[in-house]
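Beneath this line is the structure, given in structure tokens, with notes to follow.
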Amino acid sequence: MLDSELHTMHLQELRRGTVVLACLLVLKEPNYGYALLDLLERSGFAVDANTLYPLLRRLERQGLLNSDWNTDEARPRKFYQASKAGIALADALCKDWNDLDSSLRTLKGES
Amino acid sequence: MSTATTTASLTERYIQAALSGLPPQQRADIERELRTSIADAIDARVEAGSDETTAEREALTELGDPARLAAGYADRPLYLIGPAIYLDYKRLLTTLLCTVVPLTGAVVAVVRTIEGRTVFDTIGGAIGVAFVTALHIAFWVTLLFAILERTRGVRRTPTRHWTPDLLPEPTSHRAGLGELIGETVVGGIFLTGILLTPVLPFAKDADGRVINVLSPWLWDTGAVYAYVVLTAAGFVFGFVRYYVRWSPVLAIGGALINLAAAGVLIWVATDGTLLNPAFAQAQAWPSTVSKWVDVGLLIAAVLSVVVTLTQVVFGFVTKSWSTPDLGSMIRTTAAGIAGATRR
């Protein structure tokens, strides 16, 4: 029988690094905090707001995202978009993900 | 904005709480973005049918503790000492506690005894000073490592490269047993010698009767028997240590035997006297000799207490009978300090 608590714990471990990749992929198009949170959740990458907001700023500091304040609307919004470096990293990480997937297939004997 | 004044104060309080934990230069930009994000989250809930008060509560609840959010923005760790330097922290702390604490206690005990304080006063003072010393060491070492953890450039760098050369030496079983038997034989001769002193003819009085080297007080009070029995028990315990695995009860039991033996010596040195005054007189020794023999006895007893306590602490730390290797402890401390200052 599958221990669901144990499963949840290991699943969290497994997914921890994927939020960054999902962010970079989604942010090929500019987007802002809350909308991004909503979009990621609908895409199956549920992430806490208090994790995502600081993460966006960390990625920006690392030069992977650019940001721009949009003050056209009543509510000023900070829009983030993946930089060249961010897109390059996303591509590299996608390739790593595919490598992992094929390695796992080999391990499972599917090859 | 669609938020009502009564509920706006909750958001306001939340934002103030989060910002207060941030460096001033980051505040303005984060405040602007956070305000929008919270308003967006509230609006989404209101559109889904909640009333504004509930929507705001839910949105803020989802954001969680503002201190946690601020730590995320400021990239601050939510722990005191992280895994990269924790082992160095633990080693340095253990080493200092095992060496400095017993030492300060011993120094206080010796000083108070020379000052002629009572046994109670001496032991109480030594324990008190040792306790305060331990508190200081624990506090300052922890503070030092907490600061190191929060200093940029220090974190995430493994402090000391571990190689197999750093593995502790195994204690040789056979050599250990030989040593133990040797100690026991010498100890047995020593104890027999003590019990035989009343008949050993080192000095005789005018009537030709033997004058004992050791004070008759020891026999009158039974101190000599207490010491012999406890020391013999200590040797027996040496074999127990050798054949039985370490356990907290055994470790404490063994330590109590040693401490009791040392206690008898302290009692002799403070309340009685070791040398027989008549013997000193017969040898025409100055009267101070007897006093200094007692001081020497006291120092030996205190050292024995220190060694015993160190062994117990070390035993509890390593969960084994192994005794602290002072040389390697000093090297570890020096390497730790050198490593900390180099960075």
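Which residues, taken from the stretch B:47-95, are among the aromatic types (F, W, Y), in a helix (DSSP H, G or I) and more than 14 Å from chain A (Cβ to nearest Cβ)? Once the filter is applied, which keeps residues that are among the aromatic types (F, W, Y), in a helix (DSSP H, G or I) and more than 14 Å from chain A (Cβ to nearest Cβ), the stretch B:47-95 yields B:Y86, B:Y89. Tell me whether the stretch B:318-331 contains one or more residues that are under 18 Å from B:D88 (Cβ atoms), at pLDDT 70 or above and in contact with a Leu (Cβ under 9 Å, 6 or more places away or on another chain). Checked the stretch B:318-331: no residue is under 18 Å from B:D88 (Cβ atoms), at pLDDT 70 or above and in contact with a Leu (Cβ under 9 Å, 6 or more places away or on another chain).
The residues in the stretch A:45-54 that are surrounded by 13 or more Cβ atoms within 10 Å (Cβ to Cβ) and more than 10 Å from every other protein chain (Cβ to nearest Cβ) can be counted, and the count is 2. Among the residues examined, B:G72 qualifies as surrounded by 14 or more Cβ atoms within 10 Å (Cβ to Cβ), at negative phi and in contact with a Pro (Cβ under 7 Å, 6 or more places away or on another chain). Restricted to the stretch B:16-27, and to residues there that are in a helix (DSSP H, G or I) and in contact (Cβ under 8 Å) with a residue 24 or more places away in the chain, the residue that is farthest from the other protein chains (Cβ to nearest Cβ) is B:S20.
Just one of the listed residues (A:A22, A:A35) is away from chain B (no Cβ under 14 Å), in a helix (DSSP H, G or I) and touching a helix residue (DSSP H, G or I) at 6+ places or on another chain (Cβ under 8 Å), namely A:A22. If only one of A:R77, A:R57, A:R61, A:R42 is without any contact (Cβ under 8 Å) to a residue 60 or more places away in the chain, of a type outside the set (S, T, N, Q), within 12 Å of chain B (Cβ to nearest Cβ) and surrounded by fewer than 14 Cβ atoms within 10 Å (Cβ to Cβ), which one is it? One residue alone meets the criteria, A:R61. Considered as a group, the residues in the stretch B:217-249 that are of a type outside the set (S, T, Y) and not in a helix (DSSP H, G or I) include one that is surrounded by the fewest Cβ atoms within 10 Å (Cβ to Cβ), and that residue is B:R245. In the stretch B:199-216, the condition of being without any contact (Cβ under 8 Å) to a residue 60 or more places away in the chain, in the same structural domain as B:L298 (by TED's automatic domain parsing), in a helix (DSSP H, G or I) and surrounded by 15 or more Cβ atoms within 10 Å (Cβ to Cβ) is met by no residue.
Among the residues making up the stretch B:123-132, a single one is β-branched (V, I, T), closer than 16 Å to B:S304 by Cα and surrounded by 15 or more Cβ atoms within 10 Å (Cβ to Cβ): B:I123. Just for the stretch B:81-103: of the residues that are modelled with pLDDT of 85 or more and within 19 Å of B:L303 (Cβ to Cβ), which one is surrounded by the fewest Cβ atoms within 10 Å (Cβ to Cβ)? Within the stretch B:81-103, the match that is surrounded by the fewest Cβ atoms within 10 Å (Cβ to Cβ) is B:L97.
Counting the residues of the stretch B:85-105 that are of a type in the set (A, V, I, L, M, F, W, C), without any contact (Cβ under 8 Å) to a residue 60 or more places away in the chain and more than 12 Å from B:I137 (Cα to Cα) gives 1.
Selection of first residues in the stretch B:290-313 that are among the acidic types (D, E) and of second residues that are buried (at least 18 other Cβ atoms within 10 Å of the Cβ) and in a helix (DSSP H, G or I), restricted to Cβ pairs under 6 Å at least 6 apart or on distinct chains, gives the following pairs, ordered by first then second residue: B:D294/B:A269.
Listed conditions (1) more than 11 Å from chain B (Cβ to nearest Cβ); (2) at pLDDT 90 or above are all met by A:Q12, apart from (2). The residues listed here are B:I42, B:I30; of these, the one that is over 14 Å from A:R75 (Cβ atoms), within 11 Å of chain A (Cβ to nearest Cβ), aliphatic (A, V, I, L, M) and surrounded by 18 or more Cβ atoms within 10 Å (Cβ to Cβ) is B:I30. Across the stretch B:122-153, the number of residues qualifying as at pLDDT below 75 and either in a helix (DSSP H, G or I) or within 19 Å of B:L93 (Cα to Cα) (or both) comes to 0.
The values are calculated or read from the model by the stated rules, or taken from the named source; none is laboratory data. All figures in this text were calculated on a predicted structure; none of them were measured in a lab. Using ideal geometry, Cβ is built from the backbone for each residue, glycine included, and neighbour counts are taken over all protein chains shown.
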